[in-house]
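Shown next, in structure tokens, is the structure this report addresses.
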Amino acid sequence: MMEFDGEFELEDVPPGKAWVVLSDPIAVRNSLKGCQYITPMNDDFSFDDYEADEEAETLPEADPEEVAARAFVEGQEYAALMQVGVGSVKPRFETSVTIEERDEENFIMTATGSGTASGSSFSMESGMQIHPLEDGEGSRIEWWTEADISGRIAQLGSRVIDPVANKIVNNFFSDIERQMSDVEETDSGITDRIRGML
């Protein structure tokens, strides 16, 4: 079992805004290096046949109603296609993720998931909570992930896996912060409207 956790602060982004951006599968996909799509799954879903909408807009350009309509839903299962280079291996993980809890009052979201690639598999639990900063308008985001990895990737060991995982996480949060700052600079009413629709 591998455990990762951390926190980071967004000085000018209040929790409500951070929540709207982190609730958008397209914003999350765009910030996750190697992620080709995150989309709701049904019984007929096929990883081979699904084509991601590369052109989908995120805030501030996106239509607020579209962002609200596609937001993560508690209890829903999502398909995610991830391709990540670890050492000399670049597996294509076909992953399913279920949103276990989505508590908008307390800004808590948790998820479980599992994925397979040629010769490797993993299962994980992860979560995040957004707190208001005590001295201003910003947010502090706590996150954690526990992952159980087996197969070819597990054989590479944590010395190889940890730096890759940390790089993905750091890239994700710096990109999410950029997206949130873009939203912050535009009409501040957008995220409030979306939260009202969620």
Problem - Residue list for segment 10-33, filter: over 19 Å from Glu142 (Cβ atoms) and among the basic types (Lys, Arg) - result: Arg29, Lys33
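Is it the case that Glu134 is loosely packed, with under 15 Cβ neighbours inside 10 Å and either aliphatic (A, V, I, L, M) or out of contact with any strand residue (DSSP E or B) (no Cβ under 7 Å at 6 or more places or on another chain) (or both)?
When the stated conditions are applied, Glu134 passes them.
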Handout entry: Residue count for segment 96-125, restricted to those that are in contact (Cβ under 8 Å) with a residue 24 or more places away in the chain and within 21 Å of Asn42 (Cβ to Cβ)
Key = 7
Problem - Selection from segment 72-96 of residues that are among the polar types (S, T, N, Q) and either open to solvent by less than 80 Å² (accessible area, probe 1.4 Å) or not in a loop (DSSP other than H, G, I, E, B) (or both) - result: Gln76, Gln83, Thr95, Ser96
Completion exercise
A careful count of residues in segment 93-125 that are among the aliphatic types (A, V, I, L, M) and over 20 Å from Arg29 (Cβ atoms) gives 1
Exercise for the section: Within segment 55-71, work out how many residues are assigned to a helix (DSSP H, G or I) and open to solvent by 30 Å² or more (accessible area, probe 1.4 Å). Expected result: 4
Problem - Scan of segment 6-54 for residues that are surrounded by fewer than 16 Cβ atoms within 10 Å (Cβ to Cβ), among the acidic types (Asp, Glu) and under 22 Å from Ser96 (Cβ atoms), ordered by number - result: Asp43, Asp44, Asp48, Asp49, Glu51, Asp53, Glu54
Completion exercise
For segment 26-47, pairs from a residue that is touching a residue at least 60 places away in the same chain (Cβ under 8 Å) to a residue that is assigned to a helix (DSSP H, G or I) and open to solvent by 30 Å² or more (accessible area, probe 1.4 Å), with Cβ under 6 Å and 6 or more apart or across chains, are Ser31/Asp175; Lys33/Ile168; Lys33/Asn171
Fill in the blank from the handout: In segment 126-182, anything over 18 Å from Asn30 (Cα atoms), basic (Lys, Arg) and part of a helix (DSSP H, G or I) is listed as Arg152, Arg159
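The values are calculated or read from the model by the stated rules, or taken from the named source; none is laboratory data. Quantities reported herein were computed from a predicted structural model and do not represent experimental measurements. Using ideal geometry, Cβ is built from the backbone for each residue, glycine included, and neighbour counts are taken over all protein chains shown. Surface areas here come from the heavy atoms of the whole protein model, side chains and all, with no ligands, DNA or RNA. Shrake-Rupley method; radii C 1.70, N 1.55, O 1.52, S 1.80 Å.
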